[in-house]
Number of protein chains: 2
Amino acid sequence: MEFEALKKSGITNLLSAFGRSIWLPQGIFYWTGRAKKEATIDATIGSAQGPENEIIAGAPDKAVTFYIPSVQRHFAGLKSEETVPYAPMLGLPDLRKAWREWILRKVGDLRPRVEPCLTLPAVTPGVTGGIFMAAKMFVDKDEVVVSPDRLWENYSNIVERHIGARIETFPFFDGGRFNLKGMQRKLLDTLAQQPKALLMLNFPNNPVGFNPPQEMVQPIVQALIDVVEQAGKPIVVLCDDAYEGYVYDPAALQRSMFGDLCDAHRRILPIKLDGISKEFLFYGGRLGCLTFGLPSGLDVDRKALQEELDNKLGGIVRSTVSNCTRPVQSAILKALGQLDQVLAERQRTVDVLGRRANLLKAEFAKVSLPQLRPLPFNAGFFCFCDVEGVPANKLAEHLIEKYKIGVVPSEGGKINGIRIAFCSVPEKDIPTLVNGIVSAIKDLAAES
Amino acid sequence: MEFEALKKSGITNLLSAFGRSIWLPQGIFYWTGRAKKEATIDATIGSAQGPENEIIAGAPDKAVTFYIPSVQRHFAGLKSEETVPYAPMLGLPDLRKAWREWILRKVGDLRPRVEPCLTLPAVTPGVTGGIFMAAKMFVDKDEVVVSPDRLWENYSNIVERHIGARIETFPFFDGGRFNLKGMQRKLLDTLAQQPKALLMLNFPNNPVGFNPPQEMVQPIVQALIDVVEQAGKPIVVLCDDAYEGYVYDPAALQRSMFGDLCDAHRRILPIKLDGISKEFLFYGGRLGCLTFGLPSGLDVDRKALQEELDNKLGGIVRSTVSNCTRPVQSAILKALGQLDQVLAERQRTVDVLGRRANLLKAEFAKVSLPQLRPLPFNAGFFCFCDVEGVPANKLAEHLIEKYKIGVVPSEGGKINGIRIAFCSVPEKDIPTLVNGIVSAIKDLAAES
């Protein structure tokens, strides 16, 4: 966007330097918009959707955004005192406590290790709000943030366009495994240039629906320990756990790596970012939690430390949104009080997505097309296919025009591929989806 | 706060420059917290409260945060599709349109003037979110923002601590009138040093519950026209209209000054910030709207201009919160569809607050104490008393300790006084409140 109208109107003269520079790339929304109008199979949408009767017995066959009845039904019973007053800046105290318990439940047998490290979660406006707050707190302008080379496009909006830092990436995979050595090298190179570094870890990953196998966790943690030992400098590890719990392979890590990073090394500060969007299938709610895993052995008054962290996070929340939406906090607090029921209902969606992921994998396995290489996937909402010989944007364009199939293309640097949101494609459409992609690549390959 | 624990823990080494500098002053929250525990009369809380039967016939006598039943009741009927999916970044399209209509209704007979100027409102996370977005867009680091010297303390968190700019003030009153000349002088001084300036206008004002008389509006607008003419430079006027509609004097301006600023001059860009917190008595909802009043005569494609502004606002929203809470958007959209009913119910709260304001004024009129000077008030949720001879913090401390009365003190520069939130004090307590303040000042004056 060239902002010609803003220039011509004179409004550009009123903008700050930030106001002049900020812009929103078309990205996912462009393709979501196109798909909404043109596609019969829409694999662009990052929320779990499908016929309502797939998750609720006896419900209509009509497509809905999957939800958890035992979360949503609380809105009907909220009293005005549970919706109307301001919530405290960092969230309802009971919600903060309940979310801490939820984290401890999720870490399972790591509880004894994690509990002494865990701060009281701060409620954020979604995972995005958590990433923004953490990035403001820990990332300087012109600094480098490290991430695998498959990452949610909004990281660039936050870290690069908003904060003015730079994301440098390493290849996600080394063969079919998470690229330990690449991660280490990029972190060490970064720490050679700056006094600290922030690493983004997003498992299950968007856009690659991948969680490493359980036996890879210790090597990953050890690799990070080696980095901070060798560099003699500290790192923040931002665990973007938006998709935690959506794992379809029993051999894969079932929980966040955050627990394993707690107390791993005094120079490693893990931060856990959770969100209700996927964890409680409530995208529109806009709540998340930001929780630190502080080394347990610090010779510091923990209460003072919590207060100081809260003060700084409060300074960010107060100066951007003041506080987070109370009706949703009230509903989630009630839902956390009936967690077994909520998780049982969520399991239906996890099962549906697992079946779709497995079918998609089976369909890809039937295909032998050198230009199409699905990356390993076993978790989350998406899979990603590297594409060779055909520009991804051109492929997406052709797919939607000729086959009425919507996907999100990714082009740039060494990346050329498409993200497929199986979360929004019913099982019955998956064979057609794969066939369409194969045909589209063949069409375009034949052309050139 | 010295952040000793953060230093000792080594976490300070991981913080960005922003992370090191950001902090939240105790401010209002300190006194609200104290009052909650210690006060029997709590005049610290910035939300309208009182016995429920004051606003709803037959309801219990128990104190609640006042609400609008025809806003809140929609939560009971929301379908999952109205709560669960993401809302678009800048808000539900129908809500944006409905809010535009709401603004046009509020400007009344100015509609023909305002309508051609008005953009489609962008939904923000509360008025705070709107101020933050506008400040990011239009205020540079180290620049000066101009405001009357009675202002919401959160302006400092946003403009100074977050953005790194500086607020410079002019005395709010000149005699009993809004200080036109002071405003002009400060703006001209500012524009002598920088290419543009942003003026905060908050009517009805927090902490001074003041709206100028209707006949002052044209002189204020003319004063701003004179400024941009004389300086040859443009200004943004941020109309913080959080308290719009709460006016208890028929001679005072009943609506925002935004409408009068539309098309006032091609170098004046008015921005209207609305919020549901007070307008629809829904503090915990966290929604607001940001709307531009673009000169109607611009030789620019208006659609392109709207798209470009939306792109930049979208860049900020996407990189901070992604989008705003959908259940609340859905409820407000329904409420806007029954606006007459909603406004009729709101009127009960307006009437209650009006009676309190008038009683408070009458009680102050009985007092003859040179150290206590209530500033003119006729609107909003608060009044402000200048205090002489006794430090405001000391007065607030004494008031809460001896008289169990909570107020928010303000000390700094030439300001020494207390903010009284009559919005949260029932009528029956107002004489005791005033007597307590008078006695406390006398106690302390006698001591010294």
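Is one or more of the residues making up region B:424-438 touching a His at 6+ places or on another chain (Cβ under 6 Å) and either assigned to a helix (DSSP H, G or I) or not aliphatic (A, V, I, L, M) (or both)? Looking through region B:424-438, none of the residues is touching a His at 6+ places or on another chain (Cβ under 6 Å) and either assigned to a helix (DSSP H, G or I) or not aliphatic (A, V, I, L, M) (or both). Hey, does region B:126-138 have a residue that's outside any helix (DSSP H, G or I), closer than 30 Å to A:I163 by Cβ and either in contact (Cβ under 8 Å) with a residue 40 or more places away in the chain or at the interface with another protein chain (Cβ under 9 Å from one of its Cβ atoms) (or both)? No, region B:126-138 contains no residue that is outside any helix (DSSP H, G or I), closer than 30 Å to A:I163 by Cβ and either in contact (Cβ under 8 Å) with a residue 40 or more places away in the chain or at the interface with another protein chain (Cβ under 9 Å from one of its Cβ atoms) (or both).
Residue by residue, here is whether (1) surrounded by 21 or more Cβ atoms within 10 Å (Cβ to Cβ); (2) modelled with pLDDT under 95; (3) assigned to a loop (DSSP other than H, G, I, E, B); (4) not assigned by TED's automatic domain parsing to the domain that holds B:K278 holds:
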| site | (1), (2), (3), (4) |
| --- | --- |
| B:G354 | no, no, no, yes |
| B:A357 | yes, no, no, yes |
| B:L360 | yes, no, no, yes |
| B:A365 | no, no, no, yes |
| B:S368 | no, yes, yes, yes |
| B:F377 | yes, no, yes, yes |
| B:F384 | yes, no, no, yes |
| B:E397 | no, no, no, yes |
| B:E401 | no, no, no, yes |
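Number of residues in region A:262-301 that are under 30 Å from A:P195 (Cβ atoms) and part of a loop (DSSP other than H, G, I, E, B) equals 14. Suppose the filter is under 22 Å from the mean Cα position of the chain (by Cα), modelled with pLDDT of 95 or more and assigned to a helix (DSSP H, G or I); does A:R113 pass it? No. Out of B:K136, B:K106, one residue alone is of a type in the set (K, R), buried (at least 20 other Cβ atoms within 10 Å of the Cβ), assigned by TED's automatic domain parsing to the domain that holds B:M183 and touching a helix residue (DSSP H, G or I) at 6+ places or on another chain (Cβ under 6 Å). It is B:K136.
Taken as a whole, the condition of being out of contact with any Pro (no Cβ under 6 Å at 6 or more places or on another chain) and assigned to a helix (DSSP H, G or I) does not apply to A:R100.
For residues in region A:1-52 being outside any helix (DSSP H, G or I) and among the polar types (S, T, N, Q), which is nearest to the other protein chains (Cβ to nearest Cβ)? Step by step, filter region A:1-52, then rank; the result is A:S16.
The lone criterion from (1) of a type outside the set (A, V, I, L, M); (2) over 30 Å from A:V300 (Cα atoms); (3) free of Cβ contacts under 8 Å to residues at least 12 places away in the same chain left unmet by B:G33 is number (2). For region A:80-120, a residue qualifies if it is touching a residue at least 24 places away in the same chain (Cβ under 8 Å) and farther than 30 Å from B:F75 by Cβ, and the qualifying residues are A:V107, A:G108, A:L110, A:R113, A:V114, A:P116, A:C117, A:L118, A:T119. Only one of the numbered conditions (1) part of a loop (DSSP other than H, G, I, E, B); (2) more than 23 Å from the chain's Cα centre (by Cα); (3) within 21 Å of A:F282 (Cα to Cα); (4) at the interface with chain B (Cβ under 9 Å from one of its Cβ atoms) is not met by A:I56, and that is (4).
Does A:V217 satisfy the condition of being under 18 Å from A:Y246 (Cβ atoms), surrounded by 21 or more Cβ atoms within 10 Å (Cβ to Cβ) and aliphatic (A, V, I, L, M)? Taking the combined requirement at face value, the residue does not satisfy it. The criterion of being aliphatic (A, V, I, L, M), in contact (Cβ under 8 Å) with a residue 40 or more places away in the chain and in contact with a Ser or Thr (Cβ under 7 Å, 6 or more places away or on another chain) holds for A:V408. Taken over region B:107-124, the residue count meeting the criterion of being within 18 Å of B:M257 (Cβ to Cβ) and touching a Lys or Arg at 6+ places or on another chain (Cβ under 7 Å) is 4. Under the condition of being free of Cβ contacts under 8 Å to residues at least 24 places away in the same chain and either among the acidic types (D, E) or assigned by TED's automatic domain parsing to the domain that holds B:R373 (or both), the residues counted in region B:148-198 number 3. Number of residues in region B:251-267 that are among the aliphatic types (A, V, I, L, M) and facing chain A (nearest Cβ under 10 Å) equals 0. Scanning region A:281-329 for residues that are more than 7 Å from chain B (Cβ to nearest Cβ), of a type in the set (G, A, S) and crowded, with 24+ Cβ neighbours inside 10 Å gives A:G288, A:G293. Looking only at region A:198-215, residues that are farther than 26 Å from A:C423 by Cα and within 20 Å of the chain's Cα centre (by Cα) come to 2 in all.
What's the number of the only condition in (1) buried (at least 24 other Cβ atoms within 10 Å of the Cβ); (2) over 18 Å from the mean Cα position of the chain (by Cα); (3) of a type outside the set (S, T, Y); (4) in the same structural domain as B:L360 (by TED's automatic domain parsing) that B:A43 fails to meet? Evaluating B:A43 over (1) buried (at least 24 other Cβ atoms within 10 Å of the Cβ); (2) over 18 Å from the mean Cα position of the chain (by Cα); (3) of a type outside the set (S, T, Y); (4) in the same structural domain as B:L360 (by TED's automatic domain parsing) leaves (2) as the failure.
Evaluated against (1) part of a helix (DSSP H, G or I); (2) among the charged types (D, E, K, R); (3) touching a helix residue (DSSP H, G or I) at 6+ places or on another chain (Cβ under 9 Å); (4) more than 10 Å from chain B (Cβ to nearest Cβ), A:D61 falls short on exactly one condition, (1). With respect to A:G126, is the statement that it is in the same structural domain as A:K272 (by TED's automatic domain parsing) and either among the aliphatic types (A, V, I, L, M) or farther than 21 Å from B:T325 by Cα (or both) true? The answer is no for A:G126. For first residues located in region A:272-289 and without any contact (Cβ under 8 Å) to a residue 60 or more places away in the chain, partners that are buried (at least 24 other Cβ atoms within 10 Å of the Cβ) and of a type in the set (S, T, N, Q) and lie 6+ apart or on another chain with Cβ distances below 6 Å form the pairs A:G284/B:T83.
Of note, A:V159 satisfies the criterion of being modelled with pLDDT of 95 or more, within 14 Å of another protein chain (Cβ to nearest Cβ) and part of a helix (DSSP H, G or I).
The values are calculated or read from the model by the stated rules, or taken from the named source; none is laboratory data. Every value quoted in this text rests on a predicted model; they were computed, and no experiment measured them. Virtual Cβ from ideal backbone geometry, glycine too; neighbours counted across all protein chains shown.
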